[in-house]
Amino acid sequence: YLKKVLGGFFKRLFYIYKLVWETRPWILFVMLAISVFEGIMPIIGALISKDLLNAIVDGVTNKAPNSFSAITYLLILQFVYIFATRLVSSVSNMINRIAGELVTNHIKLKICTKAKDVDLKSFDMPDFYERLENANREAGNRPLQILNSTLSMMSTIISMVSFIAVLWA
């Protein structure tokens, strides 16, 4: 049972990846790169915050005489980190909107091509027409939702493994 369920899941998942790849391969690469970036950024932010807090503590306890320059450097680094995170988030939203339009057009074109090849009496069958309309309605939403969910899960796993590695060290 588990083999059947997981096999069907991965078959459909790889079909969705194939649809996005057929649309434009760069979409998949950019979304994958953004996902890896979003997975690594939380650990980078935590390390910057750690160094900033340590520099502030050293400055308050007078352990480091030139702590002002270190704190200033780390604050600038924190600003760059926040700016990069928001920039990548905006680019990710833009790519998702563009990908949504491109994938929708590609899938609807495939549906039209398939409908052109089917004989006319198939359109009189309610089951066929219902499936065709459902595919047409869900063309833009479902594939990218599934793709974004899997890439989000991947970035969460990258973050989790990174934090575990840092805590282990």
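The values are calculated or read from the model by the stated rules, or taken from the named source; none is laboratory data. Everything quoted here is computed from the prediction, not taken from an experiment. Cβ: placed from backbone, ideal geometry, glycine included. Neighbour counts: every protein chain shown. The protein model used for the area step is the full one, side chains on, heavy atoms only, and it has no ligands, DNA or RNA in it. Shrake-Rupley method; radii C 1.70, N 1.55, O 1.52, S 1.80 Å.
Which of the listed residues, 152, 126, 115, is farthest toward the dipole's positive end in the stretch 114-163, when Lys, Arg count +1 and Asp, Glu count -1 at the beta-carbon?
Comparing the listed Cα positions along the dipole, 152 ranks first.
With each pseudo-label sitting 7 Å past Cα toward Cβ, what's the residue 122-residue 53 distance in nm, one decimal?
Output for this residue pair reads 6.2 nm.
Would you compute, from DSSP H runs of 4+ residues alone, the mean residue ellipticity of the chain at 222 nm, taking -39500 (n - 2.57) per run and dividing by the full residue count, rounded to the nearest 500?
Numbers: 5 runs with 148 residues, N = 169.
Calculated mean residue ellipticity at 222 nm is -31500 deg cm²/dmol.
Work out from phi, with θ = phi - 60° and the Karplus expression 6.51 cos²θ - 1.76 cosθ + 1.60, the ³J(HN,Hα) of each residue of the stretch 57-62, listed in order in whole Hz, and give x for Gly and Pro.
Using θ = phi - 60°, the values come out as 5, 5, x, 6, 8, 6 Hz.
Using Cα positions and a limit of under 17 Å, work out the lysines in reach of residue 110, with same-chain residues fewer than 8 apart set aside.
18
What is the diffusion coefficient of the chain in µm²/s, taking the Kirkwood radius over Cα pairs and the Stokes-Einstein relation at 10 °C with a viscosity of 1.306 mPa s?
80 µm²/s
Grab the beta carbon distance between residue 21 and residue 164, set R0 = 41 Å, and tell me the FRET efficiency rounded to 0.05. Before the final figure, lay out the partial values.
On the way: r = 32 Å, r/R0 = 0.78.
Using R0 = 41 Å, I get an efficiency of 0.80.
What does the accessible area per residue of the chain come to in Å², with a 1.4 Å probe and no ligands, DNA or RNA counted?
Computed with neighbouring chains in place, this is 71 Å² per residue.
Measuring from label point to label point, each 7 Å out along Cα→Cβ, what is the residue 30 to residue 130 span in nm?
With each label point 7 Å from Cα toward Cβ, the separation is 3.9 nm.
Which value in nm describes the separation of the simple spin-label points at residue 75 and residue 114, placed 7 Å from the Cα toward the beta carbon?
If labels sit at residue 75 and residue 114, their model points lie 5.9 nm apart.
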